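The values are calculated or read from the model by the stated rules, or taken from the named source; none is laboratory data. None of these values were measured; they are calculated from a predicted model. Cβ sites come from the backbone with ideal geometry, for glycine too, and all protein chains shown count toward neighbours.
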Amino acid sequence: MAATIESVLSEKRVFPPSPEFVKQANVSGMAAYQALCDEAERDFEGFWGRLAKEHLHWSKPFNRVLDEANPPFFKWFHDGELNASYNCLDRHLASQPDKTAIIFEADDGKVTKITYKELHREVCRLANALKALGIQRGDRVLIYMPMSIQVVVAMQACARIAATHSVVFGGFSAKSVQERIIDAGAVAVITADGQFRGGREIPLKPVVDEAIGMGGCDAMRKVIVYKRSGSSVPMTAGRDLWWDEAVKGQGDTCDPVWVSAEHPLFILYTSGSTGKPKGVQHSTGGYLLGCILTMKWVFDNKPTDIFWCTADVGWVTGHSYIVYGPLACGTTVVMFEGVPTYPDAGRFWKMIQAHKVNVFYTAPTAIRSLIKAGPEEPKKYDLSSVRILGTVGEPINPEAWMWYHTTVGRERCPIVDTWWQTETGVIMITPLPGAIPTKPGSATLPLPGIMADIVDETGNSVGKGKGGLLVIKRPWPAMLRTIWGDPERYKKTYFPDDFKGKLYLAGDGASIDEDGYFRIVGRIDDVLNVSGHRLGTMEVESALVANSKLVAEAAVVGRPDELTGEAIVAFVVTKGPRPTGEEAKKVAQELRDWVAKEIGAIAKPKDIRFGENLPKTRSGKIMRRLLRSIARGEEITQDVTTLENPAILEQLKQSQ
Ligand code: PRX
């Protein structure tokens with residue numbers, strides 16, 4: 001960590017927002033930002049209560065802002081009632097029925113637009129269809145869909161009838177889908193026949209069939225299939241029905257089901273440091289408030305904005321900044337089915353030009369791959385509509401930041417480097433574009449009301465210029481409420497006893513520079529960040545070991561990668577003799593395909609190495625630090641005299 005801290009301290013480039021930007025900003029200037037922070041410090045509950053009243057439509061107003069009776073199970077606004085879909089759709093109907101809600105661009109370039117009025121109608125029709133199928137308040141519905149207007153309709157329809165949705169990224173395997181259906185106790189799946197990405201069709205419904213066919217999905221009753229690709233898919237009578245059939249004859253309106261602010265709006269699975277993904281459970285009121293505030297503060301949301309977040313809706317970024325945040329603000333949002341490099345590396349820039357995008361939010365990994373594929377591409381397009389650029393998902397290296405700033409932003413647009421997590425629900429640490437001067441590679445300062453700090457192992461603040469653990473010292477409205485079905489794990493993971501259960505432990509290492517700016521270094525637990533996708537090393541290990549025919553033992557570590565941030569390196573002991581030469585290449589490929597089947601293609605190890613054994617301590621613990629050094633090709637400085645068989649180190653240095 002020391003080297004990274006040094007590089008922050010030596011980062012002297014500072015970019016203050018232009019006076020013109022400051023003048024028009026929702027939070028205009030440092031004093032305005034500070035005033036909000038001071039208000040939150042002075043009267044924490046008053047601050048959040050005021051904002052919740054101002055920004056949300058409540059069918060029943062709340063009396064209580066924060067209930068801390070049973071920490072860390074905090075409740076926000078819980079005696080108030082509202083509906084997320086009403087807040088995203090109905091409340092815009094009188095003022096802007098014909099405003100475009102979504103501009104959808106398909107993989108092949110076809111553009112479809114839908115207005116707020118039309119979206120409301122589609123959501124009501126599907127909500128009525130779900131009710132007709134017996135789906136009720138509190139039921140869980142799994143959504144496994146392509147980027148499409150329909151995935152938004154599906155999420156909103158669930159929210160409308162108070163069913164809790166769980167969206168699973170379309171790249172996950174049947175096994176992952178099955179695990180999530182079982183864990184959530186889902187009663188229905190909404191899916192599509194297939195999806196298109198980069199000119200290729202990827203099946204979805206067959207994956208759902210395989211998942212359910214694996215067994216254990218006891219609560220599962222219905223599968224609704226949206227026709228996207230037109231490929232023929234088998235339909236199971238009595239269980240499966242086409243979307244069009246389901247909504248046929250359904251009414252255009254559907255009364256929203258009002259719920260307590262604490263009602264679980266969604267569950268989203270994410271990787272942790274064990275083999276089992278965690279169902280992160282979010283609330284309705286606090287979550288939605290966080291979405292709206294961050295749209296207004298961080299993205300400086302204006303009524304005329306065209307907003308484009310390139311994330312997939314299967315990740316939290318898509319939930320908060322494609323679906324709930326933009327719609328609750330009545331914004332026009334761009335949605336894209338494809339990939340940034342198809343048909344060429346100019347796709348993003350061409351889309352910004354075509355749709356006159358004002359706010360563009362993407363991931364450092366996309367930026368790095370576009371720099372590699374076409375550093376001059378942005379210059380071919382008119383990007384003058386862009387006001388703000390954003391990044392999320394992983395640390396952005398200063399070189400990529402500078403390219404984004406000069407080549408895409410033309411040195412005009414503030415860059416908001418936003419730090420947050422599936423668990424935090426919404427953005428937590430980031431520059432406010434009209435207030436906080438930016439520095440390449442720094443997420444800068446916490447949002448008003450977010451009490452972030454960096455502490456040492458004993459929970460004491462480390463102070464400026466030092467590294468430590470990133471923590472949040474007070475609850476915040478959009479925070480996760482628990483891990484679905486596992487409150488103990490929630491407590492242990494995020495509010496560990498080491499800190500007397502009082503601090504939210506983010507799992508990231510960070511440092512603060514002399515200006516109080518935060519720089520997030522990366523995970524301190526066994527979680528990897530590959531192309532902005534979160535993956536547990538244990539998850540990949542469990543997947544490898546599940547191949548009982550080939551694998552006797554496996555250990556997985558991360559190593560820095562220029563393009564993907566981190567890359568997965570797997571050390572494997574096979575059941576038979578250690579494979580070498582061509583055989584080793586063949587087995588490595590087989591294992592990669594196996595992991596893709598177990599988890600999804602995103603979890604495929606980049607590098608697989610075979611050894612007759614793994615390096616272990618005398619007590620039998622795998623020496624992961626040593627494996628990390630080997631994966632990085634570093635000189636081994638650790639004491640290896642205790643190793644039973646030092647020769648394996650030589651074996652493990654060979655990549656396949
Ligand atoms: O390590 C941090 C990294 O991504 C993790 C959260 O991943 P996930 O829950 O998948 O959510 C990603 C999108 C919100 C964090 O613990 N991370 C996210 N944003 C940043 C970041 N690291 C550095 N800088 C960021 N801006």
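Summary of values
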item	result
Wholly enclosed strands (runs of 3 or more DSSP E) of the range 441-534 bearing at least 1 residues closer than 30 Å to Pro605 by Cβ and within 16 Å of the ligand (Cβ to nearest atom)	467-472, 504-512, 518-523, 527-530
Selection status of Ser629, small (Gly, Ala, Ser) and part of a loop (DSSP other than H, G, I, E, B)	no
Every residue from the range 625-649 that is surrounded by 17 or more Cβ atoms within 10 Å (Cβ to Cβ) and of a type outside the set (S, T, N, Q)	Leu626, Leu627, Ile630, Ala631, Leu643, Ile648, Leu649
Ser283 vs. criteria surrounded by 22 or more Cβ atoms within 10 Å (Cβ to Cβ), at pLDDT below 95 and within 22 Å of Thr418 (Cβ to Cβ)	no
Which numbered condition Glu514 misses (of (1) modelled with pLDDT under 95; (2) within 25 Å of His282 (Cα to Cα))	(2)
From the options Glu590, Glu566, residue that is touching a residue at least 12 places away in the same chain (Cβ under 8 Å) and surrounded by fewer than 16 Cβ atoms within 10 Å (Cβ to Cβ)	Glu590
Selection from the range 401-434 of residues that are of a type in the set (A, V, I, L, M, F, W, C), more than 12 Å from the ligand (Cβ to nearest atom) and in contact with a helix residue (DSSP H, G or I) (Cβ under 9 Å, 6 or more places away or on another chain)	Trp403, Val408, Cys413, Leu432
Residue ranges of strands (runs of 3 or more DSSP E) in the range 126-215 with at least 1 members among the acidic types (Asp, Glu)	200-203
Conditions (1) touching a residue at least 40 places away in the same chain (Cβ under 8 Å); (2) in a loop (DSSP other than H, G, I, E, B): number failed by Gly230	(1)
Residue in the range 202-215 that is hydrophobic (A, V, I, L, M, F, W, C), within 16 Å of the ligand (Cβ to nearest atom) and either surrounded by 21 or more Cβ atoms within 10 Å (Cβ to Cβ) or closer than 30 Å to Arg481 by Cβ (or both) present	no
Matching residues, the range 35-66, being in a helix (DSSP H, G or I), touching a helix residue (DSSP H, G or I) at 6+ places or on another chain (Cβ under 9 Å) and not aromatic (Phe, Trp, Tyr)	Leu36, Glu39, Ala40, Glu41, Gly46, Arg50, Leu51, Ala52, His55
Check on Leu652, surrounded by fewer than 21 Cβ atoms within 10 Å (Cβ to Cβ) and among the aliphatic types (A, V, I, L, M)	no
Which listed residue is of a type in the set (A, V, I, L, M, F, W, C), surrounded by fewer than 22 Cβ atoms within 10 Å (Cβ to Cβ) and closer than 29 Å to Ser18 by Cα, from Met451, Met428	Met451
Subset of the range 52-89 (residues that are of a type in the set (Lys, Arg) and out of contact with any Asp or Glu (no Cβ under 6 Å at 6 or more places or on another chain))	Lys53
Qualifying positions in the range 400-433 - within 16 Å of the chain's Cα centre (by Cα) and among the acidic types (Asp, Glu)	Asp417, Glu423
Within the range 25-42, considering residues that are within 27 Å of the chain's Cα centre (by Cα) and over 20 Å from Met451 (Cβ atoms), the one surrounded by the most Cβ atoms within 10 Å (Cβ to Cβ)	Ala25
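Yes/no per residue for (1) more than 17 Å from Phe15 (Cβ to Cβ); (2) charged (D, E, K, R):
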| position | (1), (2) |
| --- | --- |
| Lys372 | yes, yes |
| Trp403 | no, no |
| Gly409 | no, no |
| Thr418 | no, no |
| Thr424 | yes, no |
| Thr430 | no, no |
| Ile436 | no, no |
